[in-house]
Amino acid sequence: MVLQLDQMTTRDKIRAMELLWDDLCKHANAVASPSWHKDILAQREKSVAKGKEKFNDWDGEKERIRKSCK
């Protein structure tokens, strides 16, 4: 399959990514996480436990991302 990315709108590209992600999620158990992923998650958990991480509201972040794509 070849996608003409240079001919797609940003909206079309995002929709294509959403469709791909949704399909991958249907088969999430068939996809193994890379070995380095466990290490990154452990580091982040330590940072959270130490209070070094800041979290942003997801709805606010989605809105920020949408505005930046216009």
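Here are the numbers for this structure:
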{"item": "Angle in degrees between helix 10-26 and the longest Cα principal axis of the chain, rounded to the nearest 10", "result": "60 degrees"}
{"item": "Extension gain from Lys67 to Leu24, taking 0.36 nm per residue of separation minus the Cα-Cα distance", "result": "12.8 nm"}
{"item": "Simple spin-label estimate for Lys54 and Ala32 in nanometres, 7 Å along Cα-Cβ", "result": "3.8 nm"}
{"item": "Percent breakdown of C-alpha pair distances by 10 Å bin, ordered from the shortest bin, for the chain", "result": "15, 25, 38, 20, 3"}
{"item": "Positive dipole terminus of region 1-50, leading residue within Ala49, His37, Met8 (C-beta point charges)", "result": "Ala49"}
{"item": "Cross-link reach list, lysines versus Lys70, counting only Cα pairs under 24 Å and skipping chain neighbours closer than eight places", "result": "Lys13, Lys62"}
{"item": "Efficiency of FRET between Ile40 and Leu5 - r from beta-carbon atoms, R0 25 angstrom, step 0.05", "result": "0.30"}
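Every number in this text was worked out from the coordinates using simple rules, so none of it is lab data. Owing to the predicted nature of the structure, the values given are computational and were not obtained by experimental measurement. Cβ coordinates were reconstructed from backbone atoms using ideal geometry, including for glycine residues, and neighbour counts include every protein chain displayed.
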